[in-house]
Amino acid sequence: MNRKRFTAGALPIFALIFAIVTPGHAQGQDKKDPYPSMAPLDQYLIADRNAEIALARTAAPPSVSGEATVVILGSHGFETGAQGKNGFVCIVERAWTSPFDSLEFWNPKNRSPICYNPQAARTILPITYMRTRLALAGKSKAEIKDTMKTAVEKKELPALEPGAMCYMMSKQAYLTDKGITQDGAHNMAHMMFYTPQINPADWGANMDNSPIVIDPRGKNDPEPINTFMMLTGAWSDGSPAPLS
């Protein structure tokens, strides 16, 4: 893609995606994969259950996350940490929900607070649950990808619902080892919107002066979904977040 097409507001989030998805950009073409396989399980777990619940809730404004269900990572997968009422589900995802091309697929430092709306909780979150079960069962990246591909082909995952979206507005997230902003932050406050695989131009994604960017993972991952991203300009606590 031609970076000159992007506005200042769109550039940081594109850089974040590009750093995660493109191995040569993130780590250098000649460098060895820093995370060739899964680390010991305890490096991915958060020992304090309440701390993980609190971190998950930072994904969205308290008016949304305060009454959301929260799931936390256990030794066999995600389990309910707090029951909510509004249909949203907040979670701290780990690196194996990254694109399969990412060199950080097994990065144990990754902590990605996300709060899914009801539609996404029903149809996007099952992808996270399945990938997580496979990772914790000791499957390799290639085995996880093959299993996900089979699940899609056999329609074992729920069909995407219209209106599926999520918040990723946590100040405390650690999305990538690659610093993006001028202060070296590893994070961006943004929202994501899910559609079936469509022409990104239908949303004006990646166009001049457009705040919408498409996550390129759909080109190589088996899940037939487009993820459109938009910077919010604010963290979940209402304080300003960088747009450039």
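Pairs LYS109/LYS219; LYS85/LYS109; LYS109/LYS171; LYS109/LYS145; LYS145/LYS219; LYS155/LYS219: which exceed 23 Å Cα-Cα?
Beyond 23 Å: LYS109/LYS219; LYS85/LYS109.
Which lysines, on any chain, are close to LYS139 with Cα under 17 Å apart, when same-chain ones fewer than 8 places away are left out?
Qualifying lysines at Cα under 17 Å: LYS149.
Measuring with a 1.4 Å probe in the full set of protein chains, what accessible area per residue, in whole Å², belongs to region 110-244? Numbers along the way, then the final one.
Numbers: 6180 Å² over 135 residues.
In whole numbers, region 110-244 has 46 Å² accessible per residue.
Near LYS32, which aspartates and glutamates are there with a Cα under 19 Å away, not counting those fewer than 8 places off in the same chain?
By straight Cα distance, LYS32 reaches ASP101, GLU104, ASP177.
Give me a comma-separated list of calculated 3J(HN,Hα) values for region 132-143, in order, Karplus coefficients 6.51, -1.76, 1.60 applied at θ = phi - 60°, integers in Hz, x for any Gly or Pro.
Each residue's phi maps through the Karplus curve to give 5, 4, 5, 4, 6, 7, x, 6, 6, 4, 5, 5 Hz.
Under 20 Å from the 7 Å Cα→Cβ point of GLU79, by amide nitrogen: which residues of region 90-108?
Under 20 Å, as judged by backbone N against the label point of GLU79, lie 90-94 of region 90-108.
Given H placed on each backbone N at 1.01 Å, which residues far from ASN206 in sequence or on other chains put an amide H within less than 5 Å of it?
ILE212, VAL213, ILE214
Just grab the label-to-label distance for ALA39 and ALA137, each label 7 Å out from Cα along the Cβ direction, in nm (one decimal).
Simple spin-label model gives 2.5 nm for this pair.
Beyond 27 Å, how much of the Cα-Cα pair distribution for region 103-244 remains, as a whole percent?
That fraction is 24 percent.
Full-extension gain between SER63 and LYS171, please, as 0.36 nm times their residue separation minus the C-alpha to C-alpha distance. Mind dumping the intermediate values first?
On the way: separation 108, 0.36 × 108 = 38.88 nm, distance 1.66 nm.
Going from the current span to full extension adds 37.2 nm.
Sorting check: for 127-136, 206-215, which peptide has the highest mean count of neighbouring beta carbons within 10 Å, and how do the rest follow?
Answer by packing, highest mean first, reads 127-136, 206-215.
The values are calculated or read from the model by the stated rules, or taken from the named source; none is laboratory data. None of the values given here were measured: they were computed from a predicted structure. Heads up, the Cβs are rebuilt from the backbone with ideal geometry, glycines too, and the neighbour counts pull from every protein chain shown. Surface accessibility is based on the protein's heavy atoms, side chains included, excluding ligands, DNA and RNA. Shrake-Rupley method; radii C 1.70, N 1.55, O 1.52, S 1.80 Å.
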